[in-house]
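This report refers to the structure that appears directly beneath it.
The values are calculated or read from the model by the stated rules, or taken from the named source; none is laboratory data. Computed from a predicted structure; not experimentally measured. We place every Cβ from the backbone using ideal geometry, glycine too, and count neighbours over all the protein chains shown. Quick note on the areas: whole protein, heavy atoms, side chains included, nothing else; ligands and nucleic acids left out. Shrake-Rupley method; radii C 1.70, N 1.55, O 1.52, S 1.80 Å.
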Amino acid sequence: MTRITMGMTTWTEHPVLIHNEQRPVTLNEYAQHFPTVEVDTFFYALPQMSTIQNWLAAVPEDFTFIIKAHQGMTLHRRHQDKGKLATLFEQYRRTIAPLVAADQLKTILFQFPPYFDASVADIEYLKLVRTWMGQLPVAVELRNSSWYQPGVVDSLISYCRDLKFTLVAADEPHDTVTSVPFKLVTTNPELALLRLHGRNKEGWANQDKSWRKTRTLYRYNEKELATFAQTIRALNPAPKGICVIFNNNSAKDAAPNALQLQKMMGVHFSGLAPRSPEQLDLF
């Protein structure tokens, strides 16, 4: 039976979870409401292993983390030395060892930049990612429309299945030059992943200093959420897990929408007490 989980990007910015108190939400407080969270810390710099151990100490044993790949690993910097890039992958794998050991790594999100396209070089790079990541779970979010052109998208889906990648279904304004269509397919029998960014077309295209306040400024309505619920239920073949991450949080709408979809789909999660330090001795 498929297990459906929901969560948000980061845990600190969801005041509805703490009765709208105006302070950062703690990871433990977040984990009382949702069983997974996406963490972008790794995109900017690799955290200390002790930081990851502290995260694990704050959550129940069945709580899982989606972590972003470092920006070097997603080629946000082009033309890197291959040897240095291989070393970065190795350092990344060592850093996340506590999550792997605890079996609380849901997947590693490779969110590629818009200029990462369906060229031979970038197609080959995806194969290199699998080689360097070994058997670790990987989800790929592509943001260049060339991957979704007729005659290409079917090959992309097959390629992701061969590499055991989860192909992320991203919901965003779909009629802009910097967006891709929403396409939910099972490319990994273990996990399907939806990332819901909202549909604010004007904010999505915003390039000025206020982009963080407008890019994901959107609240899904009941009809839109019902469509997601229907699409999730109809996914065939169904993977072991389907995870929905809400990223529409410029105005703190992610948690209310996630709670609404949870209720709509009858998905329940009971937050348990975090583990004691003694239970984390294996790290």
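Considering the conditions (1) touching a strand residue (DSSP E or B) at 6+ places or on another chain (Cβ under 8 Å); (2) assigned to a helix (DSSP H, G or I); (3) open to solvent by less than 10 Å² (accessible area, probe 1.4 Å), residue 157 is excluded by exactly one of them, (3).
Consider the range 264-283. How many of its residues are at pLDDT below 95 and open to solvent by 60 Å² or more (accessible area, probe 1.4 Å)? Going through the range 264-283 one residue at a time, the tally reaches 9.
All of 213, 201, 223 fail the test of being out of contact with any strand residue (DSSP E or B) (no Cβ under 7 Å at 6 or more places or on another chain), modelled with pLDDT of 95 or more and open to solvent by 60 Å² or more (accessible area, probe 1.4 Å), apart from 223. Any residue in the range 80-102 that is farther than 29 Å from residue 56 by Cα, open to solvent by 60 Å² or more (accessible area, probe 1.4 Å) and assigned to a helix (DSSP H, G or I)? The answer is yes, given that some residue of the range 80-102 is farther than 29 Å from residue 56 by Cα, open to solvent by 60 Å² or more (accessible area, probe 1.4 Å) and assigned to a helix (DSSP H, G or I).
Under the condition of being of a type in the set (Asp, Glu) and not in a helix (DSSP H, G or I), which residue from the range 6-57 is nearest to residue 251 (Cα to Cα)? Show your work before the answer.
Of the range 6-57, the ones of a type in the set (Asp, Glu) are 13, 21, 29, 38, 40.
From the residues that got through so far, the ones that are not in a helix (DSSP H, G or I) too are 13, 21, 38, 40.
Numbers: 13: 10, 21: 15, 38: 18, 40: 19 Å.
Taking the candidates together, the pick is 13.
Entry remark, the range 158-180: residues being at pLDDT below 95 and not acidic (Asp, Glu) number 7 in total. For residue 130, indicate whether it is basic (Lys, Arg) and either out of contact with any Phe, Trp or Tyr (no Cβ under 8 Å at 6 or more places or on another chain) or modelled with pLDDT of 95 or more (or both). Yes, satisfied.
Only one residue in 36, 26 is modelled with pLDDT of 95 or more and open to solvent by 20 Å² or more (accessible area, probe 1.4 Å). Which one? Working first, answer last.
Numbers: 36 fails: open to solvent by 20 Å² or more (accessible area, probe 1.4 Å).
Checking each option against the conditions leaves just 26.
Screening the range 65-79 for residues that are among the β-branched types (Val, Ile, Thr) and surrounded by 21 or more Cβ atoms within 10 Å (Cβ to Cβ) and picking the one that is farthest from residue 241 (Cα to Cα) gives 67.
Within the group 91, 135, which residue is more than 15 Å from the chain's Cα centre (by Cα) and over 26 Å from residue 186 (Cα atoms)?
On the way: 135 fails: over 26 Å from residue 186 (Cα atoms).
When all the criteria are applied, what remains is 91.
Inside the range 48-62, can you point out the residues that are open to solvent by 20 Å² or more (accessible area, probe 1.4 Å), of a type outside the set (A, V, I, L, M) and either more than 19 Å from residue 7 (Cβ to Cβ) or over 18 Å from the mean Cα position of the chain (by Cα) (or both)? Walk me through how you get there before you give the answer.
Step one: list which residues in the range 48-62 are open to solvent by 20 Å² or more (accessible area, probe 1.4 Å), which gives 48-51, 53-55, 57-58, 61-62.
From what is left, the residues that are of a type outside the set (A, V, I, L, M) are 48, 50-51, 53-55, 61-62.
Listed by number, the residues that qualify are 48, 50, 51, 53, 54, 61.
Is it fair to say residue 124 is under 17 Å from the mean Cα position of the chain (by Cα) and among the acidic types (Asp, Glu)? No; evaluated as a whole, the condition is false for this residue.
Right, residue 130: over 30 Å from residue 13 (Cα atoms) and surrounded by 13 or more Cβ atoms within 10 Å (Cβ to Cβ) or not?
Working: over 30 Å from residue 13 (Cα atoms): yes; surrounded by 13 or more Cβ atoms within 10 Å (Cβ to Cβ): yes.
For residue 130, the condition - over 30 Å from residue 13 (Cα atoms) and surrounded by 13 or more Cβ atoms within 10 Å (Cβ to Cβ) - is met.
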